[in-house]
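Shown next, in structure tokens, is the structure this report addresses.
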Amino acid sequence: MSSGVSTSTDKIIVDKSRHHRNKAVSKAVRATRERLQSSANGSHAFDHDALALHVNNMLQSALILPFFIILVAAVGTYITGESTLLPWALFTLAVHSLNLLLARRASKTELTALNTQRWQRMFIFGQFLMGACWATFAFSECAVCGGDGYYFYKGAVLLIAISITAMSNVLLRMAVIVAFLLPMISLGLIALGSRSVFDVGLLGLCATAVLFFHYISNRFYRSNLTLMSYQSEKDDLIAELEVAKSVSDEARRRAEEANLAKSRFLASMSHELRTPLNAILGFSEVMSSEVLGPMGNATYRDYAGDIHRSGQHLLNLINEILDLSRIEAGRYELNEEALSLLEIAEDCIGMVQLRARAKNISIHQQFEPNLPQVWADEKSMRQVLLNLLSNAVKFTSQGGEVTVKVGWTAGGGQYVAIKDNGPGIAEDEIPVVLSAFGQGSIAIKSAEQGTGLGLPIVQAILAKHDGQFILRSKLREGTEVIAILPATRVLQSLPAVAATRAVEPRRKSFA
């Protein structure tokens, strides 16, 4: 039973089963562009990524805060001579351990857009618990400490704690404010109760530090969001480029398969058409020439001549299509040899001279003498000149003139220029005329319509010779076409080598 998917190479061009693939590709491109346009519209678009980075930072810097807490407890015990800070250190380490367990659980859980806010609230609550621990430390006092040394110790500890909290929670918004809300309240209550200048100064210093580090962490948070936005845009651009590349590869594959199908079609159809054409041309020529005897009706003889001319036209059309398809497929091989453009031009003029005389067209020759030979394919160059001369004679009106020039180019190459005084070609129709099967308005109205493949074949053959084709034309002023071969194909003759004195062979000496 057929699956509905075409497996034949020739049917890929009209295969409707691939429509779903193209639809999916178009949908992916559209979704990628919408994501590109809306990725930087708000900060909430990156909450998931920011939370994942925060969890990673917590796990990587897990030992910094415990080391600082142990150092604070050890220095405090040394200064006060009491072990009152040891229970506080154990409780603070326990809270920090809970935060680390929460981060490890979050790293093992798939973070989605639905549970991101819940995890953020849990991490904020963990920072609030740490703030309660620092608030407990803020209430600590030293009865045996003399002077103001303990104020310096407490202020330094709180400032370092604020900085560590700010740097380790850059990607968690409001973490600094939430973590040190209770310590600020504790310092405020102490300052309100004691009315000491040192307590008020410590409160002001810590409050300023909290606001400053909150501002710094907020700036870092926005910078990280900007970097995430750029990264997202880069990823989206890469994704869109990959989608576009897949679309391009699919289009190229389909074009190659279509070209292969065209080549197969032309190969098969050329064989199928040439076989009956040989019989048509042969029998029609025998009938029109009355080889086997005179025909009873002259109209039949005219019909046989029409059949012969139509068959020749069809055969020329098949040959031109095959030539163009071989050139496009890169299978047009050149059989290069040394030849003279002057001789080829004279031969081609002789071939079209009969048609020119029938229309009373005079062909003028302007050849530069003593042109050296060129390295080219003789058959291809004859085809180029015959196509250009046939077009000039075909589209030149009765009593017109055609001028053929052969000479040197400014760069040392050789050219063949054919100019007529026919109706010309409109400037906007020149690209159409140079395209395959393209014909201008004059050619369409003309009684001698061609295939529209002559000039494309001329262009392709000259390109195979590393040459150039130029077409200049204006309405009611005529047309000039120039076929140019580069200087690398001109064979310059070398002067004869003057006789030189023979070198005597050296005698071999044996020791």
Phi-based couplings in Hz for the stretch 99-112 (Karplus 6.51, -1.76, 1.60; Gly and Pro marked x) | 5, 5, 4, 5, 5, 5, 5, 5, 5, 8, 9, 6, 7, 10
For residue 125, tell me the accessible area in Å² from a 1.4 Å probe, rounded to the nearest 10.
-> 120 Å²
Partner aspartates and glutamates for residue 154 [C-alpha distance under 19 Å; skip if fewer than 8 residues away on the same chain] = 82, 141, 199
Could you tell me the largest-minus-smallest coordinate of the C-alpha atoms of the stretch 51-133 on each of the three principal axes, in descending order and whole angstroms?
-> 51, 22, 13
The stretch 164-245: trypsin sites (Lys or Arg not before Pro) in DSSP coil with no more than 12 other Cβ atoms inside 10 Å = 195
Where does each of 177, 69 land when they are ordered by accessible area, with a 1.4 Å probe and the largest first?
-> 177, 69
Residue by residue through the stretch 157-163, which ³J(HN,Hα) values in whole Hz follow from phi under the Karplus form 6.51 cos²θ - 1.76 cosθ + 1.60 (θ = phi - 60°), with glycine and proline marked x?
-> 4, 5, 5, 5, 5, 4, 5
Which entries of 262/379; 262/464; 108/245; 394/474; 245/464; 262/474 show an alpha-carbon separation above 28 angstrom in the structure shown?
-> 108/245; 245/464; 262/474
Taking θ as phi - 60°, what are the ³J(HN,Hα) couplings along the stretch 459-474 by the Karplus curve (6.51, -1.76, 1.60), each to the nearest whole Hz, with x for Gly and Pro?
-> 4, 5, 5, 5, 5, 5, 8, 6, x, 8, 10, 10, 10, 10, 7, 9
Order these peptides, 361-369, 465-473, 108-116, by their mean beta-carbon neighbour count within 10 angstrom, highest first.
-> 465-473, 361-369, 108-116
Would you mind telling me the share, in percent, of accessible area of the stretch 110-222 contributed by carbon and sulfur at probe 1.4 angstrom?
-> 69 percent
Treat every Asp and Glu Cβ in the stretch 113-267 as -1 and every Lys and Arg Cβ as +1, leave all other atoms uncharged, and give the resulting dipole magnitude about the Cα centre to the nearest 20 debye.
-> 280 debye
Accessible area per residue in Å² at 1.4 Å probe, computed on the stretch 281-355 | 63 Å²
Report, by chain and number, residues whose modeled amide H sits under 5 Å from the one on residue 377, excluding near sequence neighbours (fewer than 5 apart, same chain).
-> 337
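The values are calculated or read from the model by the stated rules, or taken from the named source; none is laboratory data. Since the structure is predicted, the reported quantities are computational estimates derived from the model, not experimental observations. All Cβ positions, even for glycine, are placed from backbone atoms using ideal geometry, and neighbour counts span all protein chains on display. Protein only, heavy atoms only, side chains kept; ligands, DNA and RNA dropped before computing areas. Shrake-Rupley method; radii C 1.70, N 1.55, O 1.52, S 1.80 Å.
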